[in-house]
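See below for the structure under consideration.
Please treat every number below as a calculation from the coordinates, not as lab data. Note that this is a predicted model, so its numbers are computed, not measured. Neighbour counts run over all protein chains shown; Cβ positions are idealised from the backbone, glycine included.
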Amino acid sequence: MTGDRPSLRVGVNLLWLVPGVVGGSEDYAVGLLTALADTPGRHDRADGVPPVDLVVFVNRRFADAYPGLCAAFDTVVAPFDGSSRGRRVLGESTWLPRQVRRRRVEVLHHFGGLVPFNDGAGSGAVPGRRGCVRVLTVHDLQPLDIPANFSVVKRIFERVAIPWSVRRADVIVTLGTHVATTVHDRFGTSPRRFALVSPGAQRPVTQRSTAVDAAAPVGVPGVADRLGLVGHPYFLYPAITYPHKNHVVLVEAMARLKRTHPDVRLVLTGGAAGAEADLDAAVQRCGVGEVVLRPGRVSSDDLGALYAGATAVVFPSRYEGFGLPVLEAMRLGCPVIAANTTALPSVVGGAGILVPPDDVDEWVRAMVLMCDDPVERRRHVAAGRERAAGFTWESSARALVGVWRRAAAAAGVGAGAHGGQT
């Protein structure tokens, strides 16, 4: 309760979020919650609408990783750590619905792309009145679009779970228009059920990370010295080695680039995944072990410093639901060369260079341009900063609160039934 106005009780399901494992969806969820926690009340300043009270459902590993964020909200920690997918799925369908009913949640938002088979919100996407309305964030449809990237068990599970989840959601949140169009085309979902909540361009500041100021990046000399980059221009690709991330095309481009630009380096940050062996084999086959640097996972400060010092970020991924690293690079004044596929063109806009993901000649051409033409590089730096300035976590949080209110009002649920516009 806030003053005389009843609050709208919103539950956020983060039971799926295992820190350090789920990639960009972790940054997105944490960024939104951090913005809500950092500006208490600022997202509720509208006459005639209820303030929002959040209850956040998390696993033990999330609670350990983000104690300050958990302290900012009414946080309920599940009796499991999320590392066992089977136990987590079972917990979402048994433990979660009890908590949802006990805390009288009126809007239940699943941030992880799936709706549990029993989440306590009731059945179906219902336009009429009921006790709890359901919101679902869909980051992408990768398990359906490129199933070869997943285990047989996960493919079978998500082939059923994704369509079922889309049908059950009252509102489907996407980070950009590309995924909304993909969901609509595949499932025939009504456009009225979609809402857009884009991410902010700045990496969220939490216990696990600190912000990197675009105007005064820290640590560039230190990380460059540690990685042997002093005196070497370099390209950066921050991505886990999933098959669709397409690291090998950059290795092949470097094999050609080193003939004319022997001082240039390629830095590949991020953990190991299914394409690790293919990447190692390509480095050996192309003879570029001395120019391809692989520091693995790096701290947020080091990553920010690498962005700030890079000649450009190169992002040849064949499949992206959004592409947060591209946006972050532009904010930090780093030019972007990205694949011209899936969501990346809509994120880059006209602020970067778009290249077919598997065209090695085009990657080399774009990389040479960024090395040799300082005027063109400065133009891309300025365009990128301007593009990224339109993406802030505060505006994203405001949009999200608006989604919750409108969803509650449309379904005639709780305090949201008495007003719902921001």
Cα-based helix-to-principal-axis angle, 393-411 vs the chain, degrees rounded to 10: 30 degrees
Crossing angle, helix 24-38 versus the chain [Cα axis fit, 0-90 degrees, rounded to tens]: 60 degrees
Most positive-pole-ward Cα, Gly24, Pro233, Leu141, against dipole of the chain from beta carbon charges: Leu141
Relative contact order for the chain, counting Cα pairs under 8 Å that sit 6 or more residues apart, in percent: 17 percent
Using θ = phi - 60° and Karplus 6.51 cos²θ - 1.76 cosθ + 1.60, couplings along segment 138-144 (whole Hz; Gly, Pro as x): 10, 7, 5, 10, 4, x, 8
Helix-only mean residue ellipticity at 222 nm for the chain, each DSSP H run of n ≥ 4 adding -39500 (n - 2.57), per residue, nearest 500: -13000 deg cm²/dmol
Amide H contacts of Val52 (H built 1.01 Å from N, under 5 Å, at least 5 apart or other chain): Leu8
Order by protection proxy (mean Cβ within 10 Å, highest first), peptides 350-360, 234-244: 234-244, 350-360
0 to 90° range, to nearest 10: angle between helix 374-388 axis and the chain longest Cα axis: 0 degrees
Charge dipole magnitude, Cβ of K and R +1, D and E -1 - the chain, Cα centre, debye nearest 20: 1440 debye
